[in-house]
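> Dropping a structure here in structure tokens format, bear with me for questions.
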Amino acid sequence: MIHRAMAGSIERFTAILAEHFAGKWPFWMSPRQVIVIPVGMGFLGYAKEVAALLKKERFHVGMYSLTSQDIVVHPLTLS
């Protein structure tokens, strides 16, 4: 009997990793390529400009929003 599993083992491995990490991928496996972090509220405009430039170059960009209570990560949306 000849056994041939071209993509089966890769799919199983990916499923096991997804289940193990519960969707919270480690940094080295994260689908986000860049996360822009402004160092203060005064730099928020520049951070958005940098994120927009990277998004224009087809990078997967996320951005930290500074709030009074905590830091929230969200995908970049430019309006």
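> Enumerate the lysines that residue 24 could reach by cross-link, defined here as Cα to Cα under 19 Å, with residues fewer than 8 away along the same chain left out.
none
> Based on the alpha-carbon gyration tensor of segment 8-75, what equivalent-ellipsoid semi-axes (square roots of 5 times the eigenvalues) come out, in whole Å, largest first? Walk me through the numbers before you get to the answer.
Working: eigenvalues 183, 49, 8 Å².
Equivalent ellipsoid semi-axes, largest first: 30, 16, 6 Å.
> Still on this structure, please answer the following. Could you size up the charge dipole of segment 8-75 around its Cα centre, putting +1 on the beta carbon of Lys and Arg and -1 on that of Asp and Glu, and report it in debye to the nearest 20? Intermediate values should be presented prior to the final figure.
Values: 7 positive and 5 negative charges, 33 e Å.
With only Lys, Arg, Asp and Glu charged at Cβ, the dipole is about 160 debye.
> While we're here: Got a sec? Which residues in segment 9-37 would a label at residue 53 touch, if it sits 7 Å along Cα→Cβ and we count backbone N under 14 Å?
Residues 36-37 fall inside that zone.
> Continuing with this model, one more query. For the residue pair residue 37 and residue 16, what label-to-label distance in nm results when each label sits 7 Å from Cα along the Cα-to-beta-carbon direction?
The answer from the label model is 3.2 nm.
> Sort 25-31, 9-15 for me by packing, meaning the mean count of neighbouring Cβ atoms within 10 Å per residue, highest on top.
Working: 25-31: 8.6, 9-15: 10.1.
Packing order, densest peptide first, comes out as 9-15, 25-31.
Readers should treat all values here as calculations from the given coordinates under stated rules, not as data from a laboratory. Keep in mind that this is a model prediction, so the values were computed, not measured. We place every Cβ from the backbone using ideal geometry, glycine too, and count neighbours over all the protein chains shown.
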